[in-house]
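Peer 1: Attaching a single structure in C-alpha cells format; questions to follow.
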Amino acid sequence: MNFPKNLVYTAHDEWLLVAGDEVTLGISDFAQDALGEIVHVELPEVDAEFAAGAAICEVESVKAVAEVYTPVACVVIAVNEALDGAEDALNSDPYGAGWLVKLRVTDASGLAGLADAATYQARVGA
Amino acid sequence: MDLRRTPFTDRHVALGARMVDFAGYLMPVQYSGIQQEHDAVRQAAGLFDVSHMGQVRFTGPKALATLQWLLSNDVSQVAIGTAQYACLCNERGGVVDDVFTYRVAQDDYLVVVNASNRAKDVAWFHAHNPNPEGCTIVDQSDDWALLAVQGPKALQALQGLVNVDLESIARRGFVSGAVDGVDGCFIARTGYTGEDGFELFIPVNLAEPLWDKILAAGAAVGMLPVGLGARDTLRLEVRNCLYGHELSDDISPLQARLNWVTKLDKSGGFVGSEAILARRDSETHFLAGLVIEGSRIGRDGMRVLADGQDIGWVTSGTRAPSLGRGVCMAYLRPPYGKPGTQVVVDVRGREAAAVIVKGPFYVKESA
C-alpha cells in the first residue's frame, strides 16, 4: 500500500493535503482497500460549513457505506464532480483523481496531531 | 469463540481472501473483488465454498410423509435424482428456513439448509417429526463439504474432473459420482446465481485437494474463486430470496411471492398451512423489486415512501454489477408493488427515486 509522504492522515483514514489555509481531502489507500469497490459518493454542497469532526461525505462500496470526516472546521470550496459515474477512481487513484473535497480551513487547531505517513502506516499495519 | 472452518479455509487464506465471520464460520467475502468475481460467474465460471451450509438426511419408510408435513412444497413430486425448493414454516405461517430437498433414493432425502439456521432447523425437524418410528433424521452437515461451480462455462471446466456426463444431468437433477477420483460425491445441477452450474457434495475428509484441482481445471475458461460478496450480488440480481432478509419467522411465504412452492391444497396440509391461509387476506406487505434511478444504494432496513406515506421497507439492496444500477428487494403495501410504480427510498435522509419492476433484475441473453 502507498502512503505519500506529503500528506497527513486522520484516525478515520482520511488524507489531507495542506497548502496554506486550503486543504484537499480524500480517503487513504488503506480505507479504499478495506471498503472494496466504491460505487457511490455523496458529496457536500460548495460553501457548506462544517465543524471539526463532522461527517462531510459518504463513500459507499458494494458491501458497505462509510462516512468521511473533516478533522478541521472548514468551508467547502470545491467538490470532485468528476467522481459521478467514475467512483472507481477512489480505488484506483485515491490520492489523485479520487480526491473528494477542497476545503478552506476556518480553525486550524484540528490539524494538530494528524499523523505523518510513517506513523499512519505503522498504525494501520500495512 | 473460535470460528468454524471448512476443508478449504486454508486455501482461501492462501489466495489472499478477505475473511469474515458468517454464521459462525470463517468464510471468504471476496478474493479479487466483487465486480470481477461477479463478472466471472456471469461470463465464464466461478468456484464457491459453500461448505457452511447444512445437510440433514431423512431416511425410512415414512421419510416422504415426514417431509410432506414439514415442507411447504409437494415433496411427492420429487423424483429420485432430482431436487426441489421449499419453505419450512412455523405454526404462525412464518418461515423457519428455505431449503433444497434432494431425493437420493426411494426413502432417502438430503435437505440442504442455511448455515445460520442449521441448529434451529435440526431441532425443529426433530420436534415436529410426525413419524419418529418411520423416519430417521440425522444432521450430516459436518460430513459434507459443498462446492458450487457456477457460470456458463462451469460444465466445460468440470467435465474432465468427473466420471459422469454432466450434460445429461437435467437442471435441478443430480447423480452420484466421483470428482477427481473422490467417490461418494453427489453432483447436482443446482445453484443460487441464476447461471447454469453445479453443486458438488463431497465427503468432508477427502475434499480439501479438490479446491485447487477445480481451480486449475477452470483456469482455461477464466474461472475465479468467488466469495460471499459476489454470491449475494449474483443472487440478488436474479431475485433469489436470502433468509434473514426476504424471509423470516414472521413473513409468510405468500408475502415473499413464493406461492409456487407453497402448496396450500396439499393433502393433509403442512406445518403452518392453516395459518398461512388464515392470514392470507390480511397480509399488508408483499415482496417487490425496485430499480433505483441515480447512484444511491438502498440497503436492508431503509424505508420506502410514496405519496408522502411510508409504504414499506427494503430487505436487500446493492449496486447490481451486471446492470450498473442500484437494485433492491422490498416489502411494499399494495398497490405500490405494481410494476411501473414510482416510489422513493429513504437513503439516510436523502431521497432515491426508484421504480418497481417485474421479474429478475438480470435476465441472461439467450445464447
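Peer 1: With a cut-off of 8 Å between alpha carbons and a minimum separation of six or more residues, what is the relative contact order of the range A:7-126 in percent?
Peer 2: Relative contact order of the range A:7-126: 31 percent.
Peer 1: Further, regarding this structure: Arrange the peptides B:75-86, B:95-106, B:143-154 so that the one whose residues have, on average, the most other Cβ atoms within 10 Å appears first.
Peer 2: Packing order, densest peptide first, comes out as B:143-154, B:95-106, B:75-86.
Peer 1: Taking the Cα centre of chain B as the origin, how large is its charge dipole in debye, to the nearest 20, when only Lys and Arg (+1) and Asp and Glu (-1) carry charge on their Cβ atoms?
Peer 2: Value, rounded to 20: 880 debye.
Peer 1: Please compute the average number of Cβ atoms from other chains found within 10 Å of each residue's Cβ in peptide B:319-327.
Peer 2: Mean shielding count: 2.
Peer 1: How long is the gain from B:Ala219 to B:Val20 if the chain were fully straight, where each residue apart is worth 0.36 nm and the alpha carbon distance is subtracted?
Peer 2: Result for the pair: 69.1 nm of gain on full extension.
Peer 1: Can you give me the three principal axis dimensions of the range B:1-146 from its C-alpha atoms, in Å, biggest first?
Peer 2: That works out to 49, 38, 30 Å along the principal axes.
Peer 1: For the range A:3-102, which GluC sites (Glu not before Pro) are both in a DSSP coil and crowded by at most 15 other Cβ atoms within 10 Å?
Peer 2: Filter output for the range A:3-102: A:Glu45.
Peer 1: For the range B:284-357, what log10 I(q)/I(0) values come out of the Debye formula at q = 0.11, 0.12, 0.27 1/Å, with one point per alpha carbon and no solvent?
Peer 2: Summing over Cα pairs of the range B:284-357 leads to -0.20, -0.24, -1.30.
Peer 1: Only four residue types carry charge here, +1 at the Cβ of Lys and Arg and -1 at the Cβ of Asp and Glu. Report the dipole size of the range B:284-357 about the Cα centre in Debye, rounded to the nearest 20.
Peer 2: Approximately 180 debye in magnitude.
Peer 1: Now a separate question. Local charge sum around A:Ile77 (other residues, Cβ-Cβ under 14 Å, Lys/Arg +1, Asp/Glu -1)?
Peer 2: Once all neighbours under 14 Å are counted, the net charge is -4.
Peer 1: What are the radius of gyration and Dmax of chain A, computed over its Cα atoms and given in Å?
Peer 2: In Å, with Rg to one decimal and Dmax whole: 13.3, 37.
Peer 1: Then there's this: Within a 10 angstrom radius of each residue's Cβ in B:288-298, how many Cβ atoms of other chains show up on average? Whole number is fine.
Peer 2: Counting Cβ atoms of other protein chains within 10 Å of each residue's Cβ and averaging gives 2.
Peer 1: Place a +1 charge on the Cβ of each Lys and Arg in the range A:1-98 and a -1 charge on the Cβ of each Asp and Glu, then give the dipole magnitude about the Cα centre in debye, rounded to the nearest 20.
Peer 2: For the range A:1-98, the charge dipole is close to 380 debye.
Peer 1: Hand me the trypsin sites (Lys or Arg not before Pro) from the range B:157-204 located in a DSSP loop with no more than 15 other Cβ atoms within 10 Å, in residue order please.
Peer 2: Loop-located and lightly packed - B:Arg171.
Peer 1: How many lysine pairs are close in chain B, with Cα atoms under 20 Å apart and the two 8 or more places apart or on different chains?
Peer 2: The number of close lysine pairs in chain B is 5.
Peer 1: For the range B:5-18, take each phi angle, set θ = phi - 60°, evaluate the Karplus expression 6.51 cos²θ - 1.76 cosθ + 1.60, and give the result in whole Hz per residue in order, putting x for glycine and proline.
Peer 2: Karplus-based 3J(HN,Hα) across the range B:5-18 equals 10, 9, x, 10, 4, 5, 5, 4, 5, 4, 7, x, 5, 7 Hz.
Peer 1: Can you tell me the order of B:340-346, B:28-34 when each peptide is scored by its average per-residue count of other Cβ atoms within 10 angstrom, highest first?
Peer 2: B:28-34, B:340-346
Peer 1: Oh, and also: Of B:Val162, B:Ile356, B:Thr315, whose Cα points farthest to the positive end of the dipole of chain B (charges on the beta-carbon: +1 Lys, Arg; -1 Asp, Glu; origin at the Cα centre)?
Peer 2: B:Ile356
Peer 1: Output the direction-averaged projected area (hull surface divided by four) of the convex hull of the alpha-carbon atoms of the protein assembly as shown, in nm².
Peer 2: Over every viewing direction, the Cα hull of the protein assembly as shown projects on average to 25.4 nm².
Peer 1: How large is log10 I(q)/I(0) at q = 0.14 Å⁻¹ when the Debye formula is applied to the Cα atoms of chain B, each weighted equally and without solvent?
Peer 2: So the normalised log intensities work out to -1.25.
Peer 1: Using a 10 Å cut-off on Cβ to Cβ distances, tally the other chain neighbours for every residue of A:57-63 and report the average as a whole number.
Peer 2: Average per residue, whole number: 6.
Read the figures in this text as sums done on the coordinates, not as results from a lab. Model, not experiment: these values are computed from the prediction. A quick note on method: Cβ atoms are made from the backbone with ideal geometry, for glycine too, and the neighbour counts reach across all protein chains shown.
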